[in-house]
Ligand SMILES: Cc1cc2nc3c(=O)[nH]c(=O)nc-3n(C[C@H](O)[C@H](O)[C@H](O)COP(=O)(O)OP(=O)(O)OC[C@H]3O[C@@H](n4cnc5c(N)ncnc54)[C@H](O)[C@@H]3O)c2cc1C
């Protein structure tokens, strides 16, 4: 099968040199883009990297500067997009440049799907491993890295290694944000499904505490749980929320007269957001109006609704380029996790943002179960909150350091795939096994060829 990985965040280019941003469009830098079509190409690009180094760029769906490398090289692996299934159907082997939505289109008709999906299908498999992505089912299934049997990596000497979960180098790469090498191929265990649908229940809550109690309870029963919070509406900063829970639908859950082929793919049409949106369009009033409509429609209570998996997992993919609605300055997605016993930080962060006049356009709350052995893997048992915060016209810059303090003092940390602002010290406090990761990285890349803007900002590599 084949697939393609577009430039993602955004990229304007002159020849091979491109201005590149993350999905939040709040960070940008110019890099040399190298299209690779084989493992040998990757090896050649790594051994010939210049002084500013090299890093893989997937589909550019990380929000901050993780897949940027100002003055250096970025590798586009979209040509490495092959996929094959073992004869017993137990193992799927894919090229790291394959996009998740293309993979789902190929897997679902065979009664299979990925065991973990992030909130968009427009990511590559390489990007999913490098960020060790989580889904709505982390409390049951963990993150994507936990389902990987082996991966092929081109290390800093340009040599190919096959890594498996017995090796520390494997776990340094899962969540390692491309800084241990270039993943070229991945073998993972798929989930068997009877249908391409989920059975979904939706409940509405007037207060955050009640929603969090219900979510804890639902985690014991449902494979998928997620909540959307409204921190600009009439309920005040920590007001209403919607809790959606679900499971994969079995054949018997579907109405045969309406559903046709149970493994049929969704025909949802995508809308497209305008390329230029006047700054200032997103303000407390407009976000409030949007949230009111969203809560009225998406939040209407219902049980047993049959939703196509692509709608359930990737609702935002129905609007192309939705990241442009934040205007020229873009937005920061602030995502953190705090331990279970520090759930009050969720409310404190929402209240602080409300006081600072920095409304979050989209606020998503999930729960995590046990983390995996990756020293830089983000999930830990507890609560994770993701907030989309427009940069223009808000008091964001002043309030973020205070939020950082709340998170790290509670024993929490930030998600590197979203981060665009953390300081080296607040990052390091959240990842106590950072030195262990650094040692492993040094064995894989002794000359520190793998570098990104994020790595420089967080001092994961020497400044330069
Ligand atoms: C709408 C939306 C919803 C999202 N929801 C979730 C969610 O629910 N859960 C979640 O965990 N994440 C979520 N994300 C974040 C996203 O899953 C991650 O940022 C993912 O890493 C993006 O993959 P990508 O292919 O776009 O990689 P990029 O953004 O291009 O790169 C991300 C990192 O991966 C590295 N990388 C990419 N390819 C390779 C490779 N072949 N070898 C080595 N390193 C590589 C890059 O160097 C970079 O450090 C969401 C993003 C969006 C836009």
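No value in this document is a laboratory result; all are computed from the given coordinates. These figures come from a predicted structure and were not determined experimentally. Counting neighbours? That spans all protein chains shown, and the Cβs are built from the backbone with ideal geometry, glycine included.
When the helices of the chain are scored as -39500 (n - 2.57) per DSSP H run of n ≥ 4 and the total is divided over every residue, the value at 222 nm lands at -7000 deg cm²/dmol.
So for the stretch 197-424: antiparallel DSSP bridges make up what percent, rounded to the nearest 5?
Values: 39 of 41 bridges.
Given both bridge residues lie in the stretch 197-424, the antiparallel proportion sits at roughly 95 percent.
Calculate the FRET efficiency for residue 192 and residue 221 from the Cβ-Cβ distance with a Förster distance of 30 Å, rounded to the nearest 0.05. It would help to have the intermediate numbers written out before the result.
Values: r = 21 Å, r/R0 = 0.69.
Given R0 = 30 Å and the Cβ-Cβ separation, E is 0.90.
Taking a ≥ b ≥ c as the square roots of the eigenvalues of the Cα gyration tensor, the stretch 369-420 is classed as prolate, since a/c reaches at least 1.5 and a/b is larger than b/c. List residues of the stretch 348-365, by number, whose backbone nitrogen lies under 18 Å from a label position 7 Å along Cα→C-beta of residue 319. Counting backbone N atoms under 18 Å from the label point, the list is 359-365. Under the criterion of Cα pairs below 8 Å and six or more residues apart, the relative contact order for the chain equals 18 percent. Look at the alpha carbon pairs under 8 Å that are at least 6 residues apart: their mean separation over the length of the stretch 197-424 gives a relative contact order of 24 percent.
Rounded to whole Å, the principal axis extents of the Cα atoms in the chain read 57, 54, 42, largest first. Of all DSSP beta bridges confined to the chain, the antiparallel ones make up roughly 85%. Compactness check for the stretch 337-464: Cα Rg over 2.2 N^0.38 Å is 1.13. Here 26, 440 are placed in order of increasing Cβ neighbour count within 10 Å, fewest first, which gives 440, 26. Rounded, prolate or oblate: which one fits the stretch 309-410, using the alpha carbon gyration tensor with axes a ≥ b ≥ c (rounded when a/c is under 1.5, else prolate when a/b beats b/c, else oblate)? The shape class here is oblate.
Reported value for the stretch 409-464: 85 Å³ per residue, from the convex hull of its C-alpha atoms. Plainly put, the stretch 197-424 has a radius of gyration that is 0.97 times its Kirkwood radius, both from alpha-carbon atoms, as the Rg/Rh ratio.
Using R0 = 45 Å, the C-beta based FRET efficiency linking residue 157 and residue 257 works out to 0.15.
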